[in-house]
Amino acid sequence: AQYGTCSQRKMSVMEVLELLDQLVDESDPDVDFPNSFHAFQTAEGIRRAHPDKDWFHLVGLLHDLGKVLVLFGEPQ
């Protein structure tokens, strides 16, 4: 109910990817590169493995976007 109205903020996917770079992922605290890099790396790996499944490439890019909710007070 809290997020169903999408009333927190409206952002483009690129804006959310940029916000990801402000976070330290508790599941991967020792990673030296930005979280957005992980999203692009995942999408590219899926593209190489499954070049005919463009929907899957997109899922790889989007899979961690929900982590930005930590910026709105949600726990990781």
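The values are calculated or read from the model by the stated rules, or taken from the named source; none is laboratory data. Note that the coordinates shown come from a computational prediction; the quantities given were computed from them, not determined experimentally. Positions of Cβ are generated from backbone atoms using ideal geometry, with glycine treated the same way; all protein chains shown enter the neighbour counts. Just so you know, the surface numbers come from the protein's heavy atoms only, side chains and all, with ligands and any DNA or RNA stripped out. Shrake-Rupley method; radii C 1.70, N 1.55, O 1.52, S 1.80 Å.
Helix-only estimate, please: 222 nm mean residue ellipticity of the chain, summing -39500 (n - 2.57) across DSSP H runs of length 4 or more and dividing by its residues, to the nearest 500.
Numbers: 3 runs with 32 residues, N = 76.
One gets -12500 deg cm²/dmol as the mean residue ellipticity at 222 nm.
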Next item on the list: Please identify, among D32, D54, D64, the residue showing maximal mean-square fluctuation in a Gaussian network model of the chain using a 10 angstrom Cα cutoff.
Entry: D32
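Given +1 on the Cβ of Lys and Arg, -1 on the Cβ of Asp and Glu, and no further charges, what dipole in debye does region 13-72 carry about its Cα centre, rounded to the nearest 20?
Working: 4 positive and 12 negative charges, 63 e Å.
With Lys and Arg at +1 and Asp and Glu at -1, about 300 debye.
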Check: In degrees, nearest 10, range 0 to 90: what is the angle between the Cα axis of helix 35-49 and the longest Cα principal axis of the chain?
Finding: 30
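Skip the ligands, DNA and RNA, and give the accessible area per residue of the chain with a 1.4 Å probe, whole Å².
Working: 5540 Å² over 76 residues.
On a per-residue basis, 73 Å².
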